[in-house]
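Below is one structure, written out as structure tokens, with a few remarks after it.
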Ligand code: 6PG
């Protein structure tokens, strides 16, 4: 790091001008901030200036040194490069040019452990680091995303006037708040994406049931999703599901029917499941969604298997309205479980990593801008308003009532899917979780007995304190361990 006397006037630097970076830069400029731009390939910068230079005050630069010199101190730089090594390389290069107290913000989908490491590495160099989850895709980046900044608090306070103006606002509240130290912002964004996976998987399973059990075509399903959007399921993902189903291609047929049934993934859903396993939190709906994508990728294997295992005969018939309503209610109940699991994961992560996550505020900033934005998030916020220490959303009265109301439909829908060979892993794992959770006494007593039998792992008793071991293969007596 060098002590650079030269400083410019730009309030924000954006480094990396692929679509997300370019749109964030335009967003900041449109809100009245002077924005310095740098991209290694200058064509991107030139294109941005040519097409959108009139939208605000930009300083286009052609070297990292000029970019840094264009910024007012303390400098605030958002890097929007591919997650992984490119972020480390960029931080290393930038560090050569920055001064103490300057701020680097990583706005990509970085793994939270990388963010925590970078936070410490930057701290050692006197650079303030923010790992900021940004959700909303290309359009959100431009029009107002949901932002989840974590890291150095003083750095957040410095950038807050900018980022809260860039974020979308819902009922007067910006969808951006300080999340917590180190990698907390990226952790919360990761869980957001995990929930996004579960939400999409549940929608996909509802689609599969309507298509496979009732023979509905894409246009009919588009109508149904449009109706669902008017109710409790009101959300961006339900809205775009209707739009995707409604779209026809050049042949006039539904585009969705021509799309290859293999889902790709960049990894954030998988990271959520991996972290949940490490923390011992059952996030079954998210994890099943990750597995479902993996199974979708085995297209050749699925083709071979279909030849060996013919589909059970399904008597496809026109659905009763009540049957479609049942799928809707089952989707809502499963969605509640998916969110309950994701929020519990954040509770446990906060305890494990020493973060102070405010789950009510997190649900507030997910109400707009992000991919999982939904009316439903108001209900979550209200639940945390009622009890900020709520350990599981299913213990809140609103969600209890909603799930109890949907319960019969939820079971019926899954039974019909299972009987007719339609895989509904997210629906059914959500129900299994619910059934496991709502029993004060489950079957793990037997499991403990087995563990003690073969490994002397001991067990506890309901009627006495302490740990015990039975001499199973000797005299059968019990000893206190
Ligand atoms: C968002 C999205 C965004 C991205 C996902 C896609 O919040 O804006 O989540 O981050 O579209 O990473 O993830 P997959 O490629 O893994 O589906």
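Coordinate-derived values only; no laboratory data. Just so it is clear, the model here is predicted, and its values are computed rather than measured. Positions of Cβ are generated from backbone atoms using ideal geometry, with glycine treated the same way; all protein chains shown enter the neighbour counts.
Before moving on, here are some points about what is shown:
- Counting other Cβ atoms within 10 Å as a rough exposure proxy, the listed residues 80, 90 run 90, 80 from fewest neighbours to most.
- If R0 is 25 Å, the Cβ-Cβ spacing of residue 382 and residue 160 corresponds to a FRET efficiency of close to 0.45.
- If you sort the three axes of the alpha carbon gyration tensor as a ≥ b ≥ c, you get a/c of 1.5 or more for the range 189-437 and a/b above b/c, which makes it prolate.
- Rounded to the nearest 10 degrees, the inclination of helix 42-52 to the longest alpha-carbon principal axis of the chain is 90 degrees.
- Tail weight of P(r) past 19 Å, computed on alpha-carbon pairs of the range 127-213, percent: 48
- Each residue, residue 445 and residue 358, gets one label point 7 Å from its Cα in the Cβ direction; the gap between the two is 4.4 nm.
- Helical runs (DSSP H, four residues minimum) scored at -39500 (n - 2.57) apiece and divided by the length of the chain put the mean residue ellipticity at 222 nm at -17500 deg cm²/dmol.
- FRET efficiency estimate (nearest 0.05) - Cβ-Cβ, residue 309 to residue 82, R0 35 angstrom: 0.30
- Residue order, fewest to most surrounding Cβ atoms within 10 angstrom, among 30, 317: 317, 30
- Three-way shape label, the range 246-377, alpha-carbon gyration tensor, a/c 1.5: prolate
- Centroid-to-centroid separation of the range 6-68 and the range 354-396 [C-alpha atoms, Å]: 34
- Gain on full extension, evaluated as 0.36 nm per residue between residue 234 and residue 411 minus their Cα-Cα distance, stands at 61.5 nm.
- Whether the chain is rounded, prolate or oblate, judged on the alpha carbon gyration tensor where a/c under 1.5 counts as rounded: oblate
- Between the alpha-carbon centres of the range 130-173 and the range 96-121 there is a gap of 16 Å.
- C-alpha long axis of helix 284-296 to longest principal axis of the chain, angle in °: 80
- Ordering of 194-205, 7-18, 257-268, 160-171 by burial proxy (mean other Cβ atoms within 10 Å per residue, highest first): 194-205, 7-18, 160-171, 257-268
- The alpha carbon centroids of the range 425-462 and the range 193-257 are separated by 36 Å.
- Stretching the chain fully between residue 63 and residue 395 yields a gain of 114.0 nm (0.36 nm per residue, less the alpha carbon separation).
- In the range 12-182, inverting the average of 1/r over every pair of distinct C-alpha atoms gives 15.6 Å as the Kirkwood radius.
- Once the chain from residue 30 to residue 124 is taken as fully extended at 0.36 nm per residue, the excess over their C-alpha distance is 30.4 nm.
- Ordering 270, 451, 441 by the number of other Cβ atoms within 10 Å of each residue's own Cβ, fewest first, gives 441, 451, 270.
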